[in-house]
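Every number in this text was worked out from the coordinates using simple rules, so none of it is lab data. All of these numbers come straight from a predicted model, not from anything done at the bench. We place every Cβ from the backbone using ideal geometry, glycine too, and count neighbours over all the protein chains shown.
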Amino acid sequence: MCRVGFVDDDFDEFGNYKKRLARRGIDLHFVDNCLSLHDILDWVLNNTIECLLVDHKLTAKYDFYGTKVVAFINNHLPDLPCIILTNFPGDSADDKLVMKNLIFDRNILSSDGEKFNNFCEIVKQSTEVFKNRLNLHLDEYAVLLEKKTNQEITAEEEETFLHLFKILKSYGEVDDVASELLKPDINRKMDNLLKKLDHYIDLNKE
């Protein structure tokens with residue numbers, strides 16, 4: 001089953017949504033214990049979410065709307081598909097933070113027939129696209145890891161390497177690497193310099 005997160009300020013209908021979507025191969029998880037956008041991002045990574053459903057009006061629990069959640073998540077995880085659910089699709093579209101084709105009437109979760117089936121297929125297809133993009137990032141990560149190991153990596157590539165490691169590690173695509181490789185080159189050079197300085201001081205003490 002594909003793993004899908006659900007950001008909402010109301011838990012009342014979640015149980016019904018979870019049961020209905022489970023019959024279509026979608027494992028729905030409620031985003032809880034989160035207060036900020038960064039909390040939601042961490043929750044997504046910690047729960048290996050492959051698609052995120054977000055209610056538009058979150059003001060009963062959060063200080064922001066769903067469209068801002070999507071914009072923030074897409075800024076940090078550009079490949080993660082995010083879908084807005086709302087009783088007023090026009091309001092979400094007016095924010096101009098989410099594409100119209102990713103905004104759905106919230107009632108679709110309670111509907112029957114073709115509309116509900118099509119929505120489920122869109123969600124499942126979105127998770128497949130996300131998984132395929134992770135595989136592409138895995139190839140890029142392997143190239144950067146070799147460069148990092150050989151100390152041939154540029155500053156820009158190193159930033160990409162660390163970002164990809166965090167994402168791929170969260171989704172279980174890569175194993176832990178030596179902590180030395182996760183340090184930016186400037187930190188490693190500073191550590192080496194400090195070691196040499198300590199050694200020099202020790203020699204002078206003798």
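Which order, highest average first, do 5-11, 68-74, 27-33, 108-114 follow once you tally other Cβ atoms within 10 Å for each residue and take the mean per peptide?
Packing proxy ranking, top to bottom: 68-74, 5-11, 27-33, 108-114.
5 Å is the cut-off here: which amide hydrogens, built 1.01 Å from N in the peptide plane, fall below it relative to Ile83, excluding neighbours closer than 5 in sequence?
The list, which skips near neighbours in sequence, is Leu52, Leu53, Val54.
Using θ = phi - 60° and the Karplus form 6.51 cos²θ - 1.76 cosθ + 1.60, what ³J(HN,Hα) does each residue of segment 58-66 get, whole Hz, x for Gly and Pro?
9, 5, 6, 10, 10, 9, 8, 8, x
Too long at a 26 Å Cα-Cα cut-off: which of Lys68/Lys124; Lys61/Lys115; Lys57/Lys124; Lys124/Lys147; Lys57/Lys115; Lys147/Lys169?
Lys61/Lys115; Lys124/Lys147
In nanometres, what is the gap between the two model label sites at Thr160 and Arg3, each 7 Å from Cα along Cα-to-Cβ?
Each label point is offset 7 Å from its Cα along the Cβ direction, giving 2.6 nm.
So what's the net charge close to Val143: Lys and Arg +1, Asp and Glu -1, counting the other residues with Cβ under 12 Å from its Cβ?
The answer is -3.
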